[in-house]
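Report on the structure given below.
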């Protein structure tokens, strides 16, 4: 059973106004929590930072690098052998090394993310101010959602969670949200 409704706001002023309206609507202060969620990738879930142990966009780069190194090394060796009478045997080794390096770089870049087609990922939780409400009844959920909609929340999610001492204890910023109202992707300025 869903017992938490949470809304995302762009600024603290709008979030505070929503909290005031929740109070006016009869939601006790002990059922409301406010906190800030960092942007995706900035939650420091791992000791060296980040949210994932591997970059999904880098899948396949190692195979491309190996193939590119082999092709580039062979091409470099062929050019080096041609240059050997003019520059000596070191030219063959140097050309092979340079070809292998350039080939591995080109192969890795060319194959980034191409190994496996990725399914469309669910819309991630946006950065910003979150107002979470403990809603033990369906009426509380609807009342909280109505307040969030009136205050133009950027998104609204519902969740099953542990509520204790006025806070959402087990909130996970990188979990996949169950949206009541999905965030609308914003246009990138300057295009």
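Taking 30 Å as R0, compute the FRET efficiency from the Cβ-Cβ separation of residue 179 and residue 138 and round it to 0.05.
On the way: r = 18 Å, r/R0 = 0.59.
Plugging the Cβ-Cβ distance into 1/(1 + (r/R0)^6) gives 0.95.
Each peptide in 80-93, 167-180, 125-138 was scored by the mean count of other Cβ atoms within 10 Å over its residues; highest first, the order is 125-138, 167-180, 80-93.
Ordering 4, 71, 156 by the number of other Cβ atoms within 10 Å of each residue's own Cβ, fewest first, gives 71, 156, 4. Here the Debye sum runs over all C-alpha atoms of region 60-110 as equal scatterers in vacuum, and log10 of I(q)/I(0) at q = 0.20 Å⁻¹ comes out as -0.55.
The numbers here are math on the coordinates, done by the rules we state, and not lab data. Treat the numbers as computed from the prediction; the structure is a model and nothing was measured. Heads up, the Cβs are rebuilt from the backbone with ideal geometry, glycines too, and the neighbour counts pull from every protein chain shown.
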